């Protein structure tokens with residue numbers, strides 16, 4: 001009789017690792033914001049001023065938008081300051 005060789009298969013054992021610690025995300029630092037309200041109509045104004053109003057996200061009279069206070073936004077506000085009310 002032929003001897004049959006028993007083949008043993010080793011199962012790969014998964015290494016036990018320590019559970020990962022859940023790291024709480026830190027709140028993003030609060031950025032300075034500016035509240036801008038359109039108080040005058042932009043009809044009949046220069047096309048570049050109209051574009052600036054829409055670039056700030058203002059749609060109609062008494063529409064208020066919160067914007068991040070950056071030099072770019074401040075420049076846009078200065079350009080059409082006669083149409084706006086700025087707070088903050």
Practice problem: Can you tell me which residue within region 49-73, out of those that are touching a residue at least 24 places away in the same chain (Cβ under 8 Å) and part of a helix (DSSP H, G or I), is nearest to residue 32 (Cα to Cα)? | Solution: 73
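Could you run through region 25-45 and say how many residues are part of a loop (DSSP other than H, G, I, E, B) and either touching a helix residue (DSSP H, G or I) at 6+ places or on another chain (Cβ under 9 Å) or at pLDDT below 95 (or both)? Break it down stepwise before answering.
At the first step, the residues of region 25-45 found to be part of a loop (DSSP other than H, G, I, E, B) are 25-32, 39-45.
Cutting the leftovers down to either touching a helix residue (DSSP H, G or I) at 6+ places or on another chain (Cβ under 9 Å) or at pLDDT below 95 (or both) gives us 25-32, 39-43, 45.
Total satisfying the criteria: 14.
The values are calculated or read from the model by the stated rules, or taken from the named source; none is laboratory data. These numbers come from a predicted model, not from an experiment. Using ideal geometry, Cβ is built from the backbone for each residue, glycine included, and neighbour counts are taken over all protein chains shown.
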